[in-house]
Amino acid sequence: MATNFVDRVHLHVGAGSGGHGVASVHREKFKPLGGPDGGNGGRGGDVVLEVDPQSTTLLEYHRSPHRVAGNGRPGAGDERNGADGADLVLPVPEGTVVTDGTGTVLADLVGMGTRYIVARGGRGGLGNKSLASPRRKAPGFALLGEPGDALDIVLELKSLADVALIGFPSAGKSSLVSVMSAARPKIADYPFTTLVPNLGVVTAGSLRYTIADVPGLIPGASQGKGLGLEFLRHVERCSVLAHVIDCATLEPGRDPMSDLEAIEHELSEYVADDSLGGRPLSERTRIVILNKADVPDAQELAEMVRADLEARGLQVFVVSAVAHTGLRELSFALAAHVQEARTEAAEVVPQRIVLRPRAVDDSGFEVRRENTPDGELFRIVGDRPTRWVRQTDFANDEAVGYLADRLARLGVEEALFKAGAVPGSTVLIGPADNAVVFDWEPTMASGAELLGARGTDLRLDEPQRPTRAERRDQFHARKDGQREAREDLAAERRAEVWTHRDPVEVTESADPDDDAG
């Protein structure tokens, strides 16, 4: 059966990717080399969840589960930066819990206007204008934009109500909500009339509180039978649970005491989400409402079991939603319990925020030596090396050399040497599912030698661009040279020409190129 209420959806979100930087040279008449003027790329847009008072269901995301923010625009010449990507703001109802694929709670969105960035956009790449320095006056490359975060999340709506009416189907919960508040839920004489939670606002004296009519409960609801999980999910935030018991039921084997024990058993079996700070359902304040007292036999049955229920320490109210009897006393009793629960909640000591700054000797990465079926490899794990690799255009030799310079200044070369890496070892940088593989060459050229004298650029002196065949020949010649260099180093190592040396201390450089990105 179609419904306009959805309280749990799987959502696939993707933040925008950052725009690429551009490598450009300023040119004008009589100034063939006016210096680099490439602009930076714009950042990608974020995916933001925001509590919206006009939103009451997650139906929109059930129909369209894929949401992507805008990408950043690339930079341009003449120092023009690309525009930032547009953020994607997704309105959600109050009380929405955000979890990842493993079930870890990411955010509990309570309070109108509360915002949570669930996926961050990628950084924009730097243009060659920002990469220029006194030592690198005319960079012929730019950094690429980073991809945005992409992940699968689960949005789960848990109603925010002070009192929850619980009980078997057709116990009269919807009727009570309709006469105690202005809510108008669906009421019928067949089970499971209520398929979605109904909230109503009740005023008792100077106190206002919300009351929820949730789907009916049957034995086995804590294991998902019937609409049990749909019911129990929406009472996790309620401070008061009111058992609504039908004293006029004609079903064989049912009576008020057995109904109460069945409901209490399901409450004790259900495991509430501890990460949200909620108490187990069996520890909440509970009262008993003996409903349908307008029926003569029901009135007699209610008076018979009232003493037994009060002997258990439960507060009992005999009411009739049809005749409107006993509702005033019930309303003020619920208000007293709600006021007490709010007072206790106000006394909760806020969690202390602990700041843990990074240690001064923390290099920001680590080298892991792994043995795989394909042989030994070395994996570099760290935010900065991973980010630098993502920003590198590997089709540009100078950009690759710039990456090698940054990794060397960070201390990656020395760390690989300490870990036992030798020339030709396989090195991986980045996550396991999307890593960049290198053949480690300690003597790799940095790329700075491609630059000419100060204020000049040898690339601009080339009469024409090399053909594809010429680039292929240069590539194979470079690979042959690297292979010969590895063979020479291996021969020298076997001959013990060079042995282990003390690691060179890496000091922090004041060059702004160290973290240009």
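The values are calculated or read from the model by the stated rules, or taken from the named source; none is laboratory data. Nothing here was measured: the structure is a model prediction, and the numbers come from that model. Every residue, glycine as well, gets a Cβ built from its backbone with ideal geometry; the counts of neighbours run over all protein chains shown. To get the accessible areas, we keep the full protein, side chains included, count just its heavy atoms, and leave off ligands, DNA and RNA. Shrake-Rupley method; radii C 1.70, N 1.55, O 1.52, S 1.80 Å.
Assorted remarks:
- Against the test of being outside any strand (DSSP E or B), under 23 Å from Val240 (Cα atoms) and out of contact with any strand residue (DSSP E or B) (no Cβ under 6 Å at 6 or more places or on another chain), the options Ser130, Ser170 yield a single qualifying residue, Ser170.
- When Asp361, Asp397 are checked against the criterion of being at pLDDT 75 or above and charged (D, E, K, R), Asp397 stands alone in meeting it.
- Residue in region 57-64 that is modelled with pLDDT of 90 or more and of a type outside the set (Ser, Thr, Tyr) present: no
- Pick from region 462-496, criterion open to solvent by 100 Å² or more (accessible area, probe 1.4 Å) and under 22 Å from Lys418 (Cβ atoms), ranking: modelled with the lowest pLDDT: Glu496
- Of everything in region 239-256 that is under 10 Å from Leu290 (Cβ atoms) and of a type in the set (Val, Ile, Thr), the residue that is surrounded by the most Cβ atoms within 10 Å (Cβ to Cβ) is Ile245.
- Residue within region 149-168 that is modelled with pLDDT under 85 and among the basic types (Lys, Arg) present: yes
- The set of residues from region 57-110 being in contact (Cβ under 8 Å) with a residue 24 or more places away in the chain, among the charged types (D, E, K, R) and either in a loop (DSSP other than H, G, I, E, B) or open to solvent by 70 Å² or more (accessible area, probe 1.4 Å) (or both) comprises Arg73, Asp78, Glu79, Arg80, Asp84, Asp87, Glu94.
- Qualifying residue in region 21-34 (condition: at pLDDT below 85 and either under 16 Å from Asp87 (Cα atoms) or open to solvent by less than 60 Å² (accessible area, probe 1.4 Å) (or both)): yes
- Failed condition for His10, given (1) open to solvent by 90 Å² or more (accessible area, probe 1.4 Å); (2) in a loop (DSSP other than H, G, I, E, B): (2)
- Condition broken by Asp397, with the remaining ones in (1) within 24 Å of Leu489 (Cα to Cα); (2) out of contact with any Phe, Trp or Tyr (no Cβ under 6 Å at 6 or more places or on another chain); (3) open to solvent by less than 20 Å² (accessible area, probe 1.4 Å) satisfied: (3)
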